[in-house]
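**Q** Dumping the structure here so I can ask a few things about it.
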Amino acid sequence: MPFQLLRFALSSKHPEPRMFRTPERLKGSYDAVIIGAGGHGLAAAYYLARDHGMRNVAVLEKGYIGGGNTGRNTTIIRSNYLTPEGVAFYDQSVRLWQDLATDFDLNLFYSTRGHFTLAHTDSAVRTMRWRAEVNKHLGVDSELVGPEAVKAACPQIDLSCGGNAPILGALYHAPGAIARHDAVAWGYGRGADQRGVEIHQQTEVLGIDVVGGRVQGVKTSKGYISTPRVLSAVAGFTPRITHMVGLRTPIYVHPLQAMVTEPMKPWLDPILVSGSLHIYVSQSARGELVMGASLDPYELHSTRSSLDFVEGLAAHMLDMFPFLSHAKVNRQWAGMADMTPDFAPVMGTTPVEGFYLDAGWGTWGFKATPVCGMTMAHTVATGRDHDLIGAFNLSRFARYELTGEKGAASVGH
Ligand code: FAD
Ligand code: PYC
């Protein structure tokens with residue numbers, strides 16, 4: 001063992017600071033309150049402090065940092081969306097991801113793997129070609145490839161999928177990546193904390209005061225706070241928060257489940273997604289296969305997991321990879337996905353002055369963490385929607401101007 005490490009271990013004074021301060025109590029007022037210490041809320045706090053000089057900010061979290069969907073997702077990062085607004089937005093996020101580990105001085109295990117969305121039908125091939133063309137037009141690296149390219153990248157795959165759903169082609173997106181999700185929350189949290197933002201865990205928002213159409217303050221489990229600005233970044237809890245300010249949104253909540261196998265030697269380099277088989281899979285740095293499927297088919301505000309899910313997902317994985325029949329499933333879990341009718345998020349200003357939404361992230365919001373933080377910080381600081389999020393404002397539903405991403409959000413829902 002290196003001598004320095006031994007000395008460190010035996011020292012009673014550990015020089016290593018804790019990642020975050022634990023503020024003793026809430027102040028009576030803040031310039032802004034952010035509800036939710038998931039990646040999105042913490043990223044917004046980070047960019048508010050770093051880029052807009054707003055430091056008198058509190059992030060309130062009813063549980064613990066990253067304990068929501070941020071710590072429950074399958075960490076797929078990509079920008080191969082369908083609408084020009086979506087592609088531009090997610091492309092900016094992928095760019096921000098590149099510098100994050102350096103910004104945070106923290107290893108996020110960001111790993112570019114390439115991402116295949118498999119097409120098992122002629123209509124799926126058509127959609128992949130469409131996405132490839134939109135992506136290329138906007139400078140995003142995607143192309144339609146044949147089954148042989150899939151086999152070359154992943155020789156273990158059975159291209160006939162057990163004869164059930166032969167692979168006809170795929171959308172290949174070279175920048176597709178994975179990262180360590182909890183480290184992302186810690187990195188943003190530590191960066192915000194170092195710039196003066198207070199992060200209050202175990203602090204639940206119970207109500208929001210709105211007088212004359214403007215936000216005045218927030219009632220919490222630890223007391224009342226005056227503030228003119230509230231950002232809600234609470235994913236599957238969004239309907240409870242919007243109810244507090246009298247706003248209606250078309251967001252509905254379904255569980256989304258995931259599971260991992262025992263660690264195995266590295267064999268799967270790319271990320272694979274199949275809409276027809278309802279699976280997405282990648283292999284983590286620890287060697288686990290990280291896998292998920294479609295949403296549970298009913299509305300439910302719960303994070304319980306089910307045997308049905310494991311059986312269905314395992315059967316479809318075996319269609320593609322029969323050699324995995326002896327692999328053991330180590331863990332499974334669920335998150336609450338805040339879904340929208342057009343599979344695009346709900347972001348920005350609202351009819352309630354001082355109340356801002358970062359919601360509707362359903363099954364696709366992890367990859368957007370950096371760009372959400374950046375654009376929401378701009379929106380909260382200036383009171384105006386950032387240019388990149390104009391197409392995602394809540395008002396689009398009243399105008400029937402949807403931003404249709406159903407074909408690209410994740411697997412078929
Ligand atoms: P969260 O991380 O959920 O944070 C919200 C926080 O708000 C929670 O910690 C909660 O405790 C807190 N909160 C709620 N109510 C209150 C209150 N009243 N007071 C105080 N705090 C409150 N996206 C991708 O891009 N790629 C993927 O591969 C992917 N896979 C997924 C797989 C699964 C199984 C799931 C569930 C989701 C997946 N997603 C994926 C979606 C992604 O995880 C989410 O969109 C994203 O993490 C949302 O982040 P967030 O910070 O907005 O929310
Ligand atoms: O958005 O790419 C995605 C995704 C994959 C699995 C869940 N979401």
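Any read-out appearing in this document is the output of simple, stated calculations on the displayed coordinates, not a laboratory observation. Since the model is a prediction, treat every value here as computed from it, not as a measurement. Here Cβ is always computed from backbone atoms with ideal geometry, including for glycine, and neighbour counts include all displayed protein chains.
**Q** Can you name the condition, by its number, that Tyr298 falls short on among (1) in a loop (DSSP other than H, G, I, E, B); (2) within 29 Å of Pro370 (Cα to Cα)?
**A** Tallying (1) in a loop (DSSP other than H, G, I, E, B); (2) within 29 Å of Pro370 (Cα to Cα), Tyr298 fails exactly one: (2).
**Q** Which of the residues belonging to the stretch 226-254 are within 22 Å of Tyr400 (Cβ to Cβ) and either in contact with a Leu (Cβ under 7 Å, 6 or more places away or on another chain) or within 14 Å of ligand 1 (Cβ to nearest atom) (or both)?
**A** Filtering the stretch 226-254 down to residues within 22 Å of Tyr400 (Cβ to Cβ) leaves 238-239, 242, 247-252.
Those that are within 22 Å of Tyr400 (Cβ to Cβ) and either in contact with a Leu (Cβ under 7 Å, 6 or more places away or on another chain) or within 14 Å of ligand 1 (Cβ to nearest atom) (or both): Thr238, Pro239, Thr242, Thr249, Ile251.
**Q** Another question, then. Which is hydrophobic (A, V, I, L, M, F, W, C), away from ligand 2 (no atom under 16 Å from the Cβ), in contact (Cβ under 8 Å) with a residue 60 or more places away in the chain and farther than 13 Å from Gly189 by Cβ, of Phe109, Phe20?
**A** Details: Phe20 fails: farther than 13 Å from Gly189 by Cβ.
Being hydrophobic (A, V, I, L, M, F, W, C), away from ligand 2 (no atom under 16 Å from the Cβ), in contact (Cβ under 8 Å) with a residue 60 or more places away in the chain and farther than 13 Å from Gly189 by Cβ holds for just one of Phe109, Phe20, which is Phe109.
**Q** Tell me the residue from Ala37, Ala49 that is farther than 18 Å from Gly217 by Cα and either within 12 Å of ligand 1 (Cβ to nearest atom) or buried (at least 24 other Cβ atoms within 10 Å of the Cβ) (or both), please. Give the derivation first.
**A** On the way: Ala49 fails: either within 12 Å of ligand 1 (Cβ to nearest atom) or buried (at least 24 other Cβ atoms within 10 Å of the Cβ) (or both).
Going through Ala37, Ala49 in turn, the sole match is Ala37.
**Q** Which residue, of Thr403, Thr379, is over 28 Å from Asp158 (Cβ atoms) and in a helix (DSSP H, G or I)?
**A** None of the other options fit; the residue is Thr379.
**Q** Go through the stretch 1-59 residue by residue and tally those that are farther than 26 Å from His181 by Cα and assigned to a loop (DSSP other than H, G, I, E, B). So that I can check it myself, show each step before the final result.
**A** First pass over the stretch 1-59, keeping only residues farther than 26 Å from His181 by Cα: 1-15, 24-31, 53, 56.
Applying the additional criterion that residues be assigned to a loop (DSSP other than H, G, I, E, B) yields 1-2, 11-15, 24-28, 30-31, 53, 56.
Summing the residues that are farther than 26 Å from His181 by Cα and assigned to a loop (DSSP other than H, G, I, E, B) in the stretch 1-59 gives 16.
**Q** Identify, please: which residue in the stretch 53-105 is within 12 Å of ligand 2 (Cβ to nearest atom) and of a type in the set (Ser, Thr, Tyr) and is, among those, surrounded by the most Cβ atoms within 10 Å (Cβ to Cβ)?
**A** Ranking the candidates gives Ser79 first.
**Q** Listed residues Gly207, Gly196, Gly217; which is assigned to a loop (DSSP other than H, G, I, E, B), of a type outside the set (A, V, I, L, M, F, W, C) and more than 16 Å from ligand 2 (Cβ to nearest atom)?
**A** Only one candidate qualifies: Gly196.
**Q** Considering only the stretch 360-377, state which residues are more than 16 Å from ligand 2 (Cβ to nearest atom) and crowded, with 24+ Cβ neighbours inside 10 Å.
**A** Gly373, Thr375, Met376, Ala377
**Q** Can I ask one more? Regarding Phe366, is this residue touching a residue at least 60 places away in the same chain (Cβ under 8 Å), closer than 15 Å to Arg396 by Cβ and within 20 Å of the chain's Cα centre (by Cα)? Give the derivation first.
**A** Numbers: touching a residue at least 60 places away in the same chain (Cβ under 8 Å): yes; closer than 15 Å to Arg396 by Cβ: no; within 20 Å of the chain's Cα centre (by Cα): yes.
Answer is no for this residue.
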